[in-house]
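Worksheet: one structure, shown below.
The values are calculated or read from the model by the stated rules, or taken from the named source; none is laboratory data. Bear in mind the structure is a predicted one, so any value in this text is a computation, not a measurement. Using ideal geometry, Cβ is built from the backbone for each residue, glycine included, and neighbour counts are taken over all protein chains shown.
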Amino acid sequence: MADDTRSIAAVSLAVGHGHRPVVDGVGFALFPGQMLVLIGTNGSGKSTLLKTLTGLLKPQGGDVFVLGERPGSQPARVAYLPQHPVSTYTLPLCVEDIVTMGRFARRGLLGRIDSDDRQVVRESMQRTGADEYAQRPLRDLSGGQQQRAHLAQVLARRSEVLLLDEPTAGLDVAGRRLVADLIAQERALGVTVVMATHEIGDADTADTVMLLAQRVVAQGPPDSALTDAALREVFRFTERH
Amino acid sequence: MRLSLFATCIVAVTCAVAGAFVVLRGLSFVGDALAHGVVPGVAVALLVGFSGVLGAAIGAAVMMAGVGVVNRRFSLSRDTSIGLLFVGMLALGVIIQSRSASFAGDLTAVLFGEVLGVSWSDIVWQGVALVAVVGVAWVCRRPFLLLSVDEGLTATSGFSPRRYGNIMLAMVALTVVASFQTVGTLLVLGMLVAPAATGALFGRRISTVICVAAAVGAVSSYVGLLVSYHADLAAGASIVFVAVLMFCLAAVVIEVGRWLGRRRGIRHPHDHPHVHEHVHG
């Protein structure tokens, strides 16, 4: 894959927890600036696929490469937004410090956080509006404000690949528009985006949409993949399981 | 008395550093389990006649290894594994201790400490432990902070959650082993959690949380020793009780501040019900 320009490539990929596959036969390729949106209900496999791309879960079969390497091997070049970080509602640390954590992947264990890093942190908070409450503790903020802080942390990583697990969940209209704008700005800079979501509207600007229901139900550009039949199957999956 | 105050202040600072991460990461139960896990090790050391500190270290290591094995091999939740090992180790400690001729006295000393019996050699050992704990916390501050937010975030930032989680536990274990002779295994958790929890009420940065915790721990040590001396009370218990009282006092001050803020028409963020823009999707 050394001379490959693809940011992410998956061939016959099987993903799951432990030895239990959740989705198999996944195949796609993304080039710099492209976006793949994974749509499905809870348990459909979209977060599992995303975690496999981050390296948090090992692939159960097939091949997958992120920036030409195995997932998880280039933390400074790949950023991940988890669905909802575990201690969000008890953490006393201020937003600025949470966003600064986005620079840790680049600086490692002992590298100095310098003025350039602090500038990146400030800019990232300004882009999400989190600068308005930079000195307030995370636990005192509403869910939407917390999500903006976590988004700022992801942006502060200045990575080439963004892996976002339901970044718009629970956000109001303004918050959703902000996320869409941020993703568009990042893509314009050549950043590749993979986003998991429940919302069909989030797929409007995607290059590729993948509908999941513990299998790949449909895949392709939004216009061809988001058919009534495919959507019915994806959203009936919840009723059956 | 001065030696005791010096020893408890070293314990207070050591516990402040380790306790800040215990509170941020929600490891209080693990801290409690470690504190009780050292009891059989100390009991064996007392019976056989080797160093109580070495026995405590072995006890803590066995406790953590046991939790890891039960947790991984039998698919039980972490708190179940910890609860199981915690009572098992405590019971084993009491059984071993009951073989001793001076059972009651030894057990009391292990559980509640001997603040007034500390020697310079204890203080030197505690000082070494303090330097080690501060060193580990400083070097590993980034993965430790990431762990307090999310393990997935830690891993995707290039730090192994397992490796740094274990280092954090080893740091807590060292703190417990270094502190139990002064405040006892039952009460060391109080010094780990109460000052750090007070720090977390006020601190917005990890450094502030640690500094407030260290100050609360030191003041608790001084006031606790003073009260125990004049009222003839158990010294270790007095220190920990003062630390918990200081947390309660801090919580009351914060509540009064919020109440005054509401009266002036300033709404505190905590007053907003967390119903809008939640991200639990």
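Summary table below
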item	result
Unique residue being over 21 Å from A:Thr90 (Cβ atoms) and within 10 Å of chain B (Cβ to nearest Cβ) when the list is A:Leu163, A:Leu138	A:Leu163
Residue within the stretch A:82-89 that is in contact (Cβ under 8 Å) with a residue 24 or more places away in the chain, more than 7 Å from every other protein chain (Cβ to nearest Cβ) and surrounded by fewer than 17 Cβ atoms within 10 Å (Cβ to Cβ) present	yes
Test: A:Phe104 is out of contact with any Asp or Glu (no Cβ under 6 Å at 6 or more places or on another chain) and either β-branched (Val, Ile, Thr) or under 30 Å from B:Thr198 (Cβ atoms) (or both)	yes
Top-ranked residue of the stretch A:168-197 - restricted to ones that are part of a loop (DSSP other than H, G, I, E, B) and either among the charged types (D, E, K, R) or more than 9 Å from chain B (Cβ to nearest Cβ) (or both), ranked as farthest from A:Gly33 (Cα to Cα)	A:Asp172
Scope the stretch A:61-81; condition over 19 Å from A:Asp4 (Cα atoms) and within 11 Å of chain B (Cβ to nearest Cβ); matching residues	A:Pro75, A:Ala76, A:Ala79, A:Tyr80, A:Leu81
Boolean, B:Val39 is crowded, with 24+ Cβ neighbours inside 10 Å, over 19 Å from B:Ala197 (Cβ atoms) and out of contact with any Pro (no Cβ under 7 Å at 6 or more places or on another chain)	yes
Extreme residue, modelled with the highest pLDDT, among residues of the stretch B:211-262 that are within 26 Å of B:Thr175 (Cα to Cα) and either touching a strand residue (DSSP E or B) at 6+ places or on another chain (Cβ under 8 Å) or in a loop (DSSP other than H, G, I, E, B) (or both)	B:Leu233
Qualifying residue in the stretch A:127-143 (condition: at pLDDT 95 or above and among the acidic types (Asp, Glu))	no
Filter pass, B:Thr175 being part of a helix (DSSP H, G or I), farther than 30 Å from A:Tyr80 by Cβ and touching a residue at least 24 places away in the same chain (Cβ under 8 Å)	yes
In the stretch A:108-127, the residues that are within 13 Å of chain B (Cβ to nearest Cβ) and farther than 20 Å from B:Leu24 by Cβ	A:Gly108, A:Leu110, A:Gly111, A:Arg112, A:Asp117
Subset tally (residues that are under 28 Å from B:Gly55 (Cβ atoms) and either within 12 Å of another protein chain (Cβ to nearest Cβ) or assigned to a helix (DSSP H, G or I) (or both)) for the stretch B:181-210	12
Hey, B:Thr175 at pLDDT below 95, farther than 29 Å from B:Phe6 by Cβ and crowded, with 24+ Cβ neighbours inside 10 Å or not	no
Among (1) without any contact (Cβ under 8 Å) to a residue 60 or more places away in the chain; (2) at the interface with another protein chain (Cβ under 9 Å from one of its Cβ atoms); (3) within 14 Å of B:Ser157 (Cβ to Cβ) - the single one A:Leu93 does not satisfy	(3)
Counted residues, the stretch A:198-224 - those being part of a strand (DSSP E or B) and surrounded by fewer than 24 Cβ atoms within 10 Å (Cβ to Cβ)	6
Residue in the stretch A:45-52 that is within 14 Å of chain B (Cβ to nearest Cβ), closer than 30 Å to B:Gly26 by Cβ and loosely packed, with under 15 Cβ neighbours inside 10 Å present	no
Members of the stretch B:117-143 found to be among the aromatic types (Phe, Trp, Tyr) and at pLDDT 95 or above, listed by number	B:Trp138
